[in-house]
Amino acid sequence: TDPAVIRNFCIIAHIDHGKSTLADRMLQITGVVDDRSMRAQYLDRMDIERERGITIKSQAVRLPWDGHVLNMIDTPGHVDFTYEVSRSLQACEGAILLVDAAQGIEAQTLANLYLAMNADLHIIPVLNKIDLPAAQPEKFAEELAGLIGCEPSDVLRVSGKTGEGVRELLDHVVASVPPPVGDADAAARALIFDSVYDTYRGVVTYVRVIDGHLSKRERILMMSTSATHETLEIGVISPEPKPSERGLGVGEVGYLITGVKDVRQSRVGDTVTSAAKSAREMLAGYEHPKPMVFSGLYPIDGDEYPELREALDKLQLNDAALVYEPETSAALGFGFRVGFLGLLHMEIVRERLEREFGLSLISTAPNVVYRVVMEDGSELTVTNPSEFPTGGKIAQVFEPVTKSTILAPAEFIGAIMEICQGRRGQLQGMDYLSEDRVEIRYTLPLGEIIFDFFDQLKSRTRGYASLDYEPAGEAEADLVKVDILLQGEAVDAFSAIVHKDKAYAYGVDMAKKLRELIPRQQFEVPIQAAIGARVIARENIRAIRKDVLAKCYGGDISRKRKLLEKQKEGKKRMKMVGRVEVPQEAFVAALSTD
Ligand code: GTP
């Protein structure tokens, strides 16, 4: 295809502003999906299938329009995957910035816009959902124009639902997004912007060719690993994969299949070149994904440990960012310490392990990675709080910090500042996007964000605030380890690293919570919180009295059965720690503050 007729673009938006619905309309209007087989969220449907490993998700769809070839490239929408978003953007020349006309600009609108501007993309501002009675296109066109520096009249208005304005938008893409430029005669260079594992076909790699040409039955080279593979199939997606005999040329977007079985061999951000005629330089900016949040995962039933390992191995085929290593806990037995990109990533992995692999797991409260410098100059990286050194020999502790951006109606400034201040945030700046909407920027420790920060923010702002954050290096902090002891024994899975000023309150709070969460046993269970050898809080779970037991079991048969069933249900998520039965909730009790 002549690069002059190609337009590569993506749609960027805050969650729920209507990206998928607009993409659906584009598929339909360009005739790629006919009205008969059209269903809501066509691309999302594939998402589910991809999860189950049945079909390939369209990460990039080729749309014919008015003599041109439009490649619509999908971007993952969440903060955890910012790196992948930025790679998808590198594959485009233009971006549709989609904003819900009833909501206005939100945190991910901004975050994505900045990424797109960094990638030098032509930005097309678009208000969506103009069919909604609550839409305020005038107001938000002004807000959007102010943000990107254009006239309110330059802001397009569409409804992904009714299709209004979508043709005009496609015309506008053709007219305003620059065609790709590249050197057709140079050695091939293609950017990997996504790679997914498919049970039947192995890894499917999505690429955007920058220079040169990639063909079928060619030996290709992955530049970051120097591994070579043969392309078994190469093609475009429209909307299902279509093999192409000609291969892919300058500016084209498509997929290739080499038969590798593990996405780590075909990493997002890497450069593909031809093995016979290799490019000298990789495309800029390749990064290994770096886990930011760690948690322990343990099978409730110790016999399921091999199954857990197998499940993690399988998930890793499809998730290059997932890292794990075996770990033994005195309290929980054999399990794994697993590293994630962020909280969402963690939830997805945990849910998949349980849902797709049928495992029952105990997960410990998540923590960030600490760098501890000892007085003798040695250093250690702590990914598990129980490994935090105790004693007086620590010189410095560093924790990861974030640049966080919160967008909210101005009336909530006070509440937001209070939350951030309470979590050791440092105000970096504040801007009014319009009369009543404000952007507040903070430096916040990542460790403070992973503990129900978002929930607090939502509840204190009645759901109106949105949050985005990115890693911003590390900072020194005065941190200590708080241990929790049951019957005098420290339970490693309960240890947490907390700021010194909060350690006492944390200990008291945890001891109280555990007293409520751990059911009464046949014997008394003292709970203590301690920093080193110093006990800072104490609670007691009293033993169940004999006569209460007698009464329970003496009742009529149906009541007894009910009781037994209830117990059985409860047992599912119980773990024996020493002689004490501890429910799953206790291991993540630290996650909720009240
Ligand atoms: P995520 O994939 O979750 O990020 O969301 P999204 O941005 O893809 O949004 P999606 O297309 O799923 O739409 C979110 C909601 O808005 C859905 O309930 C849609 O039906 C609705 N919606 C999308 N576009 C329009 C529109 O133009 N008008 C109206 N009235 N509703 C819309």
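The values are calculated or read from the model by the stated rules, or taken from the named source; none is laboratory data. For clarity, every value in this text was computed on a predicted model and none was experimentally measured. Quick reminder, even Gly has a Cβ in these numbers, built from the backbone with ideal geometry, and neighbours come from all protein chains shown. Protein only, heavy atoms only, side chains kept; ligands, DNA and RNA dropped before computing areas. Shrake-Rupley method; radii C 1.70, N 1.55, O 1.52, S 1.80 Å.
In this structure, does Glu411 turn out to be open to solvent by 30 Å² or more (accessible area, probe 1.4 Å), assigned to a helix (DSSP H, G or I), more than 19 Å from Leu113 (Cβ to Cβ) and at pLDDT 90 or above? First the steps, then the outcome.
Working: open to solvent by 30 Å² or more (accessible area, probe 1.4 Å): yes; assigned to a helix (DSSP H, G or I): yes; more than 19 Å from Leu113 (Cβ to Cβ): yes; at pLDDT 90 or above: yes.
When the stated conditions are applied, Glu411 passes them.
Which ones in region 389-412 are over 26 Å from the mean Cα position of the chain (by Cα) and not hydrophobic (A, V, I, L, M, F, W, C)?
Taking region 389-412 and keeping what is over 26 Å from the mean Cα position of the chain (by Cα), we get 389-397, 410-412.
Matches in region 389-412: Pro389, Thr390, Gly391, Gly392, Lys393, Gln396, Glu411.
Just to be sure, is Leu147 within 16 Å of the ligand (Cβ to nearest atom) and either of a type outside the set (A, V, I, L, M) or in contact (Cβ under 8 Å) with a residue 60 or more places away in the chain (or both)? First the steps, then the outcome.
Numbers: within 16 Å of the ligand (Cβ to nearest atom): no; either of a type outside the set (A, V, I, L, M) or in contact (Cβ under 8 Å) with a residue 60 or more places away in the chain (or both): yes.
Criteria not met by Leu147.
Show the residue pairs that are 6+ apart or on different chains and have beta-carbon atoms under 8 Å apart, the first residue being within region 15-30 and open to solvent by 10 Å² or more (accessible area, probe 1.4 Å), the second being more than 8 Å from the ligand (Cβ to nearest atom) and among the small types (Gly, Ala, Ser).
Arg25/Gly163; Gln28/Gly163; Ile29/Gly163
Inside region 274-305, can you point out the residues that are in a strand (DSSP E or B) and not β-branched (Val, Ile, Thr)? I'd like the intermediate steps shown before the answer.
Taking region 274-305 as the starting set, the residues that turn out to be in a strand (DSSP E or B) are 274, 293-299.
The answer is Ser274, Phe294, Ser295, Gly296, Leu297, Tyr298, Pro299.
Hey, among Leu359, Leu308, Leu353, Leu317, which residue is touching an Asp or Glu at 6+ places or on another chain (Cβ under 9 Å), touching a residue at least 12 places away in the same chain (Cβ under 8 Å) and outside any loop (DSSP other than H, G, I, E, B)?
Details: Leu359 fails: outside any loop (DSSP other than H, G, I, E, B); Leu308 fails: touching an Asp or Glu at 6+ places or on another chain (Cβ under 9 Å); Leu353 fails: touching an Asp or Glu at 6+ places or on another chain (Cβ under 9 Å).
Leu317 is the lone residue from the list that is touching an Asp or Glu at 6+ places or on another chain (Cβ under 9 Å), touching a residue at least 12 places away in the same chain (Cβ under 8 Å) and outside any loop (DSSP other than H, G, I, E, B).
Output the residue which, of all residues in region 221-264 that are within 13 Å of Tyr206 (Cα to Cα) and polar (S, T, N, Q), is most open to solvent (accessible area, probe 1.4 Å).
Top of the filtered list is Thr258.
Listed residues Ala186, Ala175, Ala190; which is at pLDDT 95 or above, open to solvent by 30 Å² or more (accessible area, probe 1.4 Å), closer than 30 Å to Val263 by Cα and away from the ligand (no atom under 16 Å from the Cβ)?
Numbers: Ala175 fails: closer than 30 Å to Val263 by Cα; Ala190 fails: open to solvent by 30 Å² or more (accessible area, probe 1.4 Å).
Matching residue, one of Ala186, Ala175, Ala190: Ala186.
Give the residues of region 79-97 that are within 22 Å of Val438 (Cβ to Cβ) and either near the ligand (Cβ under 10 Å from one of its atoms) or assigned to a helix (DSSP H, G or I) (or both), sorted by residue number. Reasoning before the result, please.
Step one: list which residues in region 79-97 are within 22 Å of Val438 (Cβ to Cβ), which gives 79, 97.
Scanning region 79-97 gives a single hit, Val79.
Suppose we keep only residues that are among the hydrophobic types (A, V, I, L, M, F, W, C) and at pLDDT below 90 within region 268-285. Which one would you say is least open to solvent (accessible area, probe 1.4 Å)?
Of everything passing the filter in region 268-285, Val268 is least open to solvent (accessible area, probe 1.4 Å).
Look through Gln428, Gln456 and report the one residue that is polar (S, T, N, Q) and open to solvent by 70 Å² or more (accessible area, probe 1.4 Å). Outline the logic, then answer.
Working: Gln456 fails: open to solvent by 70 Å² or more (accessible area, probe 1.4 Å).
That would be Gln428, the only listed residue that is polar (S, T, N, Q) and open to solvent by 70 Å² or more (accessible area, probe 1.4 Å).
Here are some residues: Ser153, Ser159, Ser215. Which one is within 16 Å of the ligand (Cβ to nearest atom) and of a type in the set (S, T, N, Q)?
Details: Ser153 fails: within 16 Å of the ligand (Cβ to nearest atom); Ser215 fails: within 16 Å of the ligand (Cβ to nearest atom).
Result: Ser159 is the single residue among Ser153, Ser159, Ser215 that is within 16 Å of the ligand (Cβ to nearest atom) and of a type in the set (S, T, N, Q).
Could you tell me whether Thr402 is open to solvent by less than 30 Å² (accessible area, probe 1.4 Å), more than 30 Å from Pro583 (Cβ to Cβ) and either assigned to a strand (DSSP E or B) or aromatic (Phe, Trp, Tyr) (or both)?
Details: open to solvent by less than 30 Å² (accessible area, probe 1.4 Å): yes; more than 30 Å from Pro583 (Cβ to Cβ): yes; either assigned to a strand (DSSP E or B) or aromatic (Phe, Trp, Tyr) (or both): yes.
It is true that Thr402 is open to solvent by less than 30 Å² (accessible area, probe 1.4 Å), more than 30 Å from Pro583 (Cβ to Cβ) and either assigned to a strand (DSSP E or B) or aromatic (Phe, Trp, Tyr) (or both).
Need the failing condition index for Ile531 against (1) within 28 Å of Leu479 (Cβ to Cβ); (2) open to solvent by 60 Å² or more (accessible area, probe 1.4 Å); (3) modelled with pLDDT of 75 or more, just the number.
Status for Ile531: all satisfied but (2).
Scanning region 4-34 for residues that are more than 13 Å from the ligand (Cβ to nearest atom) and of a type in the set (D, E, K, R), which turns out nearest to Ser86 (Cα to Cα)? Explain how you work it out, then say what you get.
First, pick out the residues of region 4-34 that are more than 13 Å from the ligand (Cβ to nearest atom): 4-9, 28-34.
With of a type in the set (D, E, K, R) added as a condition, the list becomes 7, 34.
Values: Arg7: 18, Asp34: 32 Å.
Filtering region 4-34 for residues that are more than 13 Å from the ligand (Cβ to nearest atom) and of a type in the set (D, E, K, R), the one nearest to Ser86 (Cα to Cα) comes out as Arg7.
Taking region 528-542, which residues are of a type in the set (A, V, I, L, M, F, W, C) and within 18 Å of Ile497 (Cα to Cα)?
Just the residues of region 528-542 that are of a type in the set (A, V, I, L, M, F, W, C), to begin with: 529-531, 533, 535-537, 541.
Across region 528-542, the qualifying residues are Ala529, Ala530, Ile531, Ala533, Val535, Ile536, Ala537.
Which numbered condition trips up Tyr504, out of (1) among the hydroxyl-bearing types (Ser, Thr, Tyr); (2) open to solvent by less than 40 Å² (accessible area, probe 1.4 Å); (3) at pLDDT 90 or above?
Tallying (1) among the hydroxyl-bearing types (Ser, Thr, Tyr); (2) open to solvent by less than 40 Å² (accessible area, probe 1.4 Å); (3) at pLDDT 90 or above, Tyr504 fails exactly one: (2).
What about Ala141, is it more than 14 Å from the ligand (Cβ to nearest atom) and either touching a helix residue (DSSP H, G or I) at 6+ places or on another chain (Cβ under 9 Å) or open to solvent by 10 Å² or more (accessible area, probe 1.4 Å) (or both)?
Details: more than 14 Å from the ligand (Cβ to nearest atom): yes; either touching a helix residue (DSSP H, G or I) at 6+ places or on another chain (Cβ under 9 Å) or open to solvent by 10 Å² or more (accessible area, probe 1.4 Å) (or both): yes.
So Ala141 fits the description; yes.
Which one of Pro326, Pro299 is open to solvent by 20 Å² or more (accessible area, probe 1.4 Å), modelled with pLDDT of 90 or more and more than 18 Å from Thr82 (Cα to Cα)? Step through it out loud before you land on a result.
Numbers: Pro299 fails: open to solvent by 20 Å² or more (accessible area, probe 1.4 Å).
Step by step, each of Pro326, Pro299 is checked, and only Pro326 is open to solvent by 20 Å² or more (accessible area, probe 1.4 Å), modelled with pLDDT of 90 or more and more than 18 Å from Thr82 (Cα to Cα).
Of everything in region 122-135, what is within 14 Å of the ligand (Cβ to nearest atom) and either open to solvent by 10 Å² or more (accessible area, probe 1.4 Å) or over 9 Å from Gly104 (Cα atoms) (or both)? Give them in sequence order.
Going residue by residue through region 122-135, those that are within 14 Å of the ligand (Cβ to nearest atom) are 126-135.
If the condition is that a residue be within 14 Å of the ligand (Cβ to nearest atom) and either open to solvent by 10 Å² or more (accessible area, probe 1.4 Å) or over 9 Å from Gly104 (Cα atoms) (or both), then Val126, Asn128, Lys129, Ile130, Asp131, Leu132, Pro133, Ala134, Ala135 are the ones that fit.
All but one of (1) touching a Phe, Trp or Tyr at 6+ places or on another chain (Cβ under 6 Å); (2) exposed (fewer than 15 other Cβ atoms within 10 Å of the Cβ) hold for Lys393, so report the exception by its number.
(1)
When region 351-368 is examined, which residues are found to be surrounded by fewer than 17 Cβ atoms within 10 Å (Cβ to Cβ) and over 16 Å from Asp303 (Cα atoms)?
To start, the set of residues in region 351-368 that are surrounded by fewer than 17 Cβ atoms within 10 Å (Cβ to Cβ) comprises 351, 354-358, 360.
Matches in region 351-368: Glu351, Arg355, Glu356.
Please identify the pairs in which a residue from region 325-340 that is at positive phi has its Cβ atom under 7 Å from the Cβ atom of a residue that is open to solvent by 10 Å² or more (accessible area, probe 1.4 Å), counting only partners at least 6 apart or on another chain.
Cβ pairs passing all conditions: Gly333/Gly302.
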